[in-house]
Amino acid sequence: MLSQVPRSRMYVAAAVAAAAVLVSVAVVLIVRSSSGPATAGSDSTVAAAPSSTPYPSEKDSSSSSDSDDEDADESSDGDRALGLKAVATTSPGVTARLARIDSVQATASLPGEIGGPALAITVNVKNETGKKLDLALGVVNAYYGPERTPAVSVASDGEVPFPASVADGESAKGVYVFQIPEEARPVRVELDLGNGADVVVFKGRPQR
């Protein structure tokens, strides 16, 4: 025969069971309340952050332009400037160089000419083509300063143009005078012998 359990023990066991149920309910409520916003957030639409495209800054563009502007001074015309003492090939068998650059005081005597500080530029052309070289169309121009200001020719004061032609194996020279301020730097001399020859460009800072 089973012994009867005292009522006091039964009351204690019931109280413990009820407390356990209350604790479980409280835990469930706490978990639901903490996970609720995350669950709701997962159902909502979230705007994507804009992608960061690396556009160049103003400073970088300026530096590049400054860099794209220095490279342009050397070859923007499709030519390549040589030094004032260089020997250039204008066409097969034809070479040219600036034999002398002298500082002079030019005297203007023709309309459009300007007297004053000038450079007398002696250009030497050597012919090794195997035939006579025509120089009748030879042209020399000069420019000065970073802006390439055209220098005014003072043809009436000491200029000696190229001869009409030069024989094979011989050299010919021409002297061209340009009004160029003493402080002007750099100087650019362009030589075009015509007849399809390349235009040769000499550039530098002549000694005054």
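Using DSSP to call loops (not H, G, I, E or B), can you name the GluC sites (Glu not before Pro) in the stretch 126-165 whose Cβ has at most 14 other Cβ atoms within 10 angstrom? When the GluC sites (Glu not before Pro) of the stretch 126-165 are filtered for loop state and at most 14 Cβ neighbours within 10 Å, 128, 147 remain. Take 194-206, 107-119 and order them by the average number of nearby Cβ atoms within 10 Å per residue, most first; the result is 194-206, 107-119. Full extension of the chain between residue 105 and residue 80 yields a length gain of 5.9 nm, computed as 0.36 nm times the residue separation minus the alpha carbon distance.
Applying the criteria of a DSSP loop state and at most 15 other Cβ atoms within 10 Å to the GluC sites (Glu not before Pro) of the stretch 175-208 yields 182, 183.
Every number here is computed from the coordinates shown, using simple stated rules; none is lab data. Everything quoted here is computed from the prediction, not taken from an experiment. Backbone-built Cβ (ideal geometry, glycine too); neighbour counts: all protein chains shown.
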